[in-house]
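*Asks:* Submitted below is the structure of interest, expressed as structure tokens.
The values are calculated or read from the model by the stated rules, or taken from the named source; none is laboratory data. Keep in mind that this is a model prediction, so the values were computed, not measured. We place every Cβ from the backbone using ideal geometry, glycine too, and count neighbours over all the protein chains shown. What goes into the accessible areas is simple: the full protein's heavy atoms, side chains included, and nothing from ligands, DNA or RNA. Shrake-Rupley method; radii C 1.70, N 1.55, O 1.52, S 1.80 Å.
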Amino acid sequence: MATGKVFKYGDNVDTDVIIPARYLNAPSPAELAKHCMEDIDPAFAAAPHPGDIMIGGWNFGCGSSREHAPIAIQASGIACVIAASFARIFYRNAINIGFPILECPEAAAAIQSGDTVTVDFQTGVITDETTGESFQALAFPPFIQNIIAHGGLLQYLKDRKDG
């Protein structure tokens, strides 16, 4: 479950915009977060509070396959991304690091920047607390919920091996 303020972006937000290539050698996720979204929203890096929500339009995370993009968003304090659709490689990279993302075109279209949103990851219900509207995204299947709960695929596999 996550509740936070919304930061909303449009269609085709690519990985080069999420984290510009000039920062790919940053030494840590925290350093990546300082530059997240800076080419389209210079104020973003200083704005999110832990638990806030990012919303995108169609094809969010398109472009290169760099895993730095979901890492930068997650390290900025964003609890999840909701979008109309995701580029498949971004989707997989996000799940691999244990970062929840939900596809819901209706929520992506209706929810506005600055709204307060609650997301129930178990059920896929997205509630815009500002307007009272609720939306239904597909809930993650149990195996993806396990990966997210363990903080990513590598930790999930390590825990399975050790358990």
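*Asks:* Return the carbon/sulfur percentage of the accessible area of region 14-163, one whole number, probe 1.4 Å, all protein chains in place.
*Replies:* After summing per-atom areas, the C and S share lands at 56 percent.
*Asks:* Binning every alpha carbon pair distance of the chain at 10 Å from zero, what are the percents per bin?
*Replies:* Here the calculated profile for the chain is 12, 42, 36, 10, 1.
*Asks:* Can you compute 3J(HN,Hα) from phi for each residue in region 75-86, using the Karplus curve 6.51 cos²θ - 1.76 cosθ + 1.60 with θ = phi - 60°, rounded to whole Hz and x for Gly and Pro?
*Replies:* Residue by residue, region 75-86 yields 5, 6, x, 5, 7, 6, 10, 10, 9, 5, 7, 10 Hz.
*Asks:* Another one. Can you list residues from other chains, or at least 5 along the same chain, whose modelled amide H is less than 5 Å from the amide H of F86?
*Replies:* So F86 has HN proximity to N59, F60.
*Asks:* Counting pairs of Cα atoms in region 91-163, how many percent are more than 19 Å apart?
*Replies:* 42 percent
*Asks:* Between R160 and D39, what is the label-to-label distance in nm when each label sits 7 Å out along the Cα-to-Cβ direction?
*Replies:* 3.6 nm
*Asks:* Could you report region 1-105's accessible area per residue, 1.4 Å probe, as an integer in Å²?
*Replies:* Values: 4170 Å² over 105 residues.
Value returned for region 1-105: 40 Å² of accessible area per residue.
*Asks:* Pull up all non-local amide H partners of F121: gap of 5 or more, or a different chain, and H-to-H distance under 5 Å with H placed in the peptide plane.
*Replies:* Amide H neighbours of F121: A2.
*Asks:* Name all residues of region 1-32 having a backbone nitrogen under 12 Å from the label point set 7 Å from the Cα of A47 along its Cα→Cβ direction, giving them as ranges.
*Replies:* 5-10
*Asks:* Provide the net charge surrounding I147, with neighbours chosen by a C-beta distance below 14 Å and charges set as Lys +1, Arg +1, Asp -1, Glu -1. Don't jump to the answer; show the numbers that get you there.
*Replies:* Working: positive: R92, K158, R160; negative: D159.
It works out to a net charge of +2.
*Asks:* Using alpha-carbon positions, what is the distance between the centroids of region 1-53 and region 108-144, in Å?
*Replies:* 20 Å
*Asks:* If you don't mind, another one. Provide the gained length on full extension for the span R22 to T131, in nm with one decimal, where the gain is 0.36 nm per separating residue minus the Cα-Cα distance.
*Replies:* This chain segment gains 35.3 nm when fully extended.
*Asks:* Okay, moving on. For region 1-89, evaluate the Debye formula with one uniform point scatterer on each Cα (no solvent term) and list log10 I(q)/I(0) at q = 0.16, 0.20, 0.25 Å⁻¹, rounded to two decimals.
*Replies:* -0.54, -0.87, -1.37
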